[in-house]
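*Asks:* Shown below is the structure under consideration.
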Amino acid sequence: MMRSMFAGVSGTRAHQVRMDVIGNNIANVNTVGYKYGRATFQDMLSQTLRGSMAPTASRGGVDPMQVGLGVMLRSIDVVFTPGNLESTGKLTDMAIQGNGFFVVRDSAGSLMFTRDGAFKIDAAGNLVHPSTGYQVQGWKANAVGEIDRSLPIEAIGIPLGTSMSAQATSK
């Protein structure tokens, strides 16, 4: 009887984790660039009550008899399916259609990735993520618009007093 109780408790705990993931998804329904999570589960253990038996001349084989001992969390996956694009009317807001990420750099110099394209221009003229201050990174184009990807990426800056609307590209 205790085995069935332990299996039931493990199922309840696993269900609680699933509800936590769903609650987090609901809480972030209006978060720009949020990708939802999905909880997956697996058997914890199985106890073999009777092993399998090979077939004989007079009868077929017998399958093993096993009982599950509960469930456990396998993973919480982030699902990266593209969301719907919205026009905000703000010239510094950008989106990536399809696969890909914006690259941002924190104050310690670490590179990170985001799908959140709600950016602004800071006092120094750099394109930044407003809630973190992380600088958006990219390659600079030369005077004719060519990009040399062998150079390191750097902060995207827009000199004060200048503006240019974002243009779609496949690169």
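*Asks:* Restricting the search to region 50-72, which residues are over 28 Å from Thr40 (Cβ atoms) and outside any strand (DSSP E or B)?
*Replies:* If the condition is that a residue be over 28 Å from Thr40 (Cβ atoms) and outside any strand (DSSP E or B), then Gly51, Ser52, Ala54, Pro55, Thr56, Ala57, Ser58, Arg59, Gly60, Gly61 are the ones that fit.
*Asks:* Let me ask something else. I'd like to verify a number: residues in region 9-60 that are exposed (fewer than 12 other Cβ atoms within 10 Å of the Cβ) and small (Gly, Ala, Ser), how many?
*Replies:* 8
Per-residue answers, yes or no, for (1) out of contact with any strand residue (DSSP E or B) (no Cβ under 8 Å at 6 or more places or on another chain); (2) not acidic (Asp, Glu):
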{"site": "Val67", "(1), (2)": "no, yes"}
{"site": "Asn84", "(1), (2)": "yes, yes"}
{"site": "Asp93", "(1), (2)": "no, no"}
{"site": "Arg105", "(1), (2)": "no, yes"}
{"site": "Gly117", "(1), (2)": "no, yes"}
{"site": "Leu127", "(1), (2)": "no, yes"}
{"site": "Thr132", "(1), (2)": "no, yes"}
{"site": "Ser150", "(1), (2)": "yes, yes"}
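*Asks:* Would you confirm whether or not region 106-115 contains a residue that is aliphatic (A, V, I, L, M), touching a His at 6+ places or on another chain (Cβ under 7 Å) and at pLDDT 95 or above?
*Replies:* So the first thing to find is which residues in region 106-115 are aliphatic (A, V, I, L, M), and the list is 108, 111-112.
In the following step, the residues that additionally are touching a His at 6+ places or on another chain (Cβ under 7 Å) were identified as none.
No, that holds for no residue.
*Asks:* Follow-up. Filter region 63-80 for residues that are modelled with pLDDT of 90 or more and aliphatic (A, V, I, L, M); which is surrounded by the most Cβ atoms within 10 Å (Cβ to Cβ)?
*Replies:* If we take residues in region 63-80 being modelled with pLDDT of 90 or more and aliphatic (A, V, I, L, M), then Val71 is surrounded by the most Cβ atoms within 10 Å (Cβ to Cβ).
*Asks:* Then there is this: Name the pairs: first residue in region 83-110 and under 21 Å from Asn28 (Cβ atoms), second residue of a type in the set (Ser, Thr, Tyr), Cβ to Cβ under 9 Å, at least 6 apart or on different chains?
*Replies:* Gly83/Tyr34; Asp93/Ser87; Phe101/Thr114; Phe102/Thr114; Val104/Thr114; Val104/Thr132; Val104/Tyr134
*Asks:* Which numbered condition trips up Gly33, out of (1) touching a residue at least 12 places away in the same chain (Cβ under 8 Å); (2) within 24 Å of Gly133 (Cβ to Cβ); (3) more than 16 Å from the chain's Cα centre (by Cα)?
*Replies:* For Gly33, the exception is condition (3).
*Asks:* Still on this structure: Tally the residues that are more than 21 Å from Phe80 (Cβ to Cβ), surrounded by 10 or more Cβ atoms within 10 Å (Cβ to Cβ) and not polar (S, T, N, Q), restricting the search to region 107-137.
*Replies:* Selection size over region 107-137: 9.
*Asks:* Could you grab the pairs with beta carbons closer than 6 Å, sequence gap of 6+ or different chains, first residue in region 125-149 and in the same structural domain as Ala108 (by TED's automatic domain parsing) and in contact (Cβ under 8 Å) with a residue 24 or more places away in the chain, second one among the basic types (Lys, Arg) and part of a strand (DSSP E or B)?
*Replies:* Sorted first by the residue in region 125-149, then by its partner, the pairs are Gln135/Arg105; Gln137/Arg105.
*Asks:* Here's something else I'd like to know. Which of the following residues is among the β-branched types (Val, Ile, Thr), within 18 Å of the chain's Cα centre (by Cα) and not assigned by TED's automatic domain parsing to the domain that holds Phe113: Thr48, Thr40, Thr12?
*Replies:* That would be Thr40, the only listed residue that is among the β-branched types (Val, Ile, Thr), within 18 Å of the chain's Cα centre (by Cα) and not assigned by TED's automatic domain parsing to the domain that holds Phe113.
*Asks:* Six or more apart or on different chains, Cβ under 7 Å: which pairs go from a residue in region 52-78 that's closer than 19 Å to Arg13 by Cβ to one that's aromatic (Phe, Trp, Tyr) and surrounded by 12 or more Cβ atoms within 10 Å (Cβ to Cβ)? Could you list them?
*Replies:* Note: pairs meeting the criteria are Leu69/Phe6; Gly70/Phe6; Val71/Phe41; Met72/Phe41; Leu73/Phe41; Arg74/Phe41.
Each row is one residue, and each column tells you yes or no for (1) within 26 Å of the chain's Cα centre (by Cα); (2) over 30 Å from Ser46 (Cβ atoms); (3) basic (Lys, Arg); (4) surrounded by 13 or more Cβ atoms within 10 Å (Cβ to Cβ).
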| site | (1), (2), (3), (4) |
| --- | --- |
| Pro82 | yes, yes, no, yes |
| Asn99 | yes, yes, no, no |
| Arg105 | yes, yes, yes, yes |
| Glu146 | no, yes, no, no |
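The values are calculated or read from the model by the stated rules, or taken from the named source; none is laboratory data. This structure is a prediction, so every number in the text was calculated from the model and none was measured. Note that we place each Cβ from the backbone using ideal geometry, even for glycine, and neighbour counts take in every protein chain shown.
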